[in-house]
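Student: Before I ask anything, here is the structure I am working with.
Taken together, the values in this text are just the output of simple stated rules run on the coordinates, not laboratory data. In this text, all values refer to a predicted model and were calculated from it rather than measured experimentally. Every residue, glycine among them, receives a Cβ derived from its backbone with ideal geometry; neighbour counts consider all protein chains shown.
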Amino acid sequence: MTLRKLVYLMLLRRVENKQCADTGLGLNTEYSPMCNIASPLHLPHRLNGIIIGRNVKTGSNVTIYQNVTIAECNPNSKTIIGDNVMIGAGAVIIKNVTIGKNAKIGANAVIVSDIPRGG
């Protein structure tokens, strides 16, 4: 691991602490896997209260509003969020679901099953 990566991780942890957020990013070892976030990721309200589990994989152009929780339910399977998905404020995504491309998740929604493409 390079010194540059360690510095970035330390800065990210500092930002997370100030914004009350947890992104699931880490050292990506067997005992501490990390999430896979494609870019660009849009955070209109920054990391304000956002929690992203370690087993989450996002597509590109995903927009996540404040106070969203994408939980880690089963560490042996992934939660997959497709391209161009919008997740509204206060939404909770659990149970390692798959959210299809171009889907929109409403504010304060609780997602416990797969969402089809454009759903």
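Student: What distance in nm separates the simple spin-label points at S113 and K101, each placed 7 Å from Cα in the Cβ direction?
Tutor: Reported label-point gap for S113 and K101 is 2.4 nm.
Student: For T79, list long-range residues whose amide hydrogen, built 1.01 Å from N in the peptide plane, is under 5 Å from its own amide hydrogen.
Tutor: Close amide H contacts, sequence-distant or interchain: V56, K57.
Student: I105's amide H: which non-local residues (gap 5+, or another chain) put their own amide H closer than 5 Å, with H modeled 1.01 Å from N in plane and none for Pro or chain starts?
Tutor: The answer is M86, I87, G88.
Student: What ranking, highest mean first, results for peptides 100-109, 64-73 when packing means the other Cβ atoms within 10 Å averaged over each residue?
Tutor: Ranked by mean Cβ neighbours within 10 Å, highest first: 64-73, 100-109.
Student: Shifting gears a bit: With θ set to phi - 60° and the Karplus curve 6.51 cos²θ - 1.76 cosθ + 1.60, what are the ³J(HN,Hα) couplings of the range 80-93 in order, to the nearest whole Hz, using x for Gly and Pro?
Tutor: 3J(HN,Hα) across the range 80-93, in whole Hz: 10, 10, x, 5, 6, 8, 10, 10, x, 4, x, 5, 10, 10.
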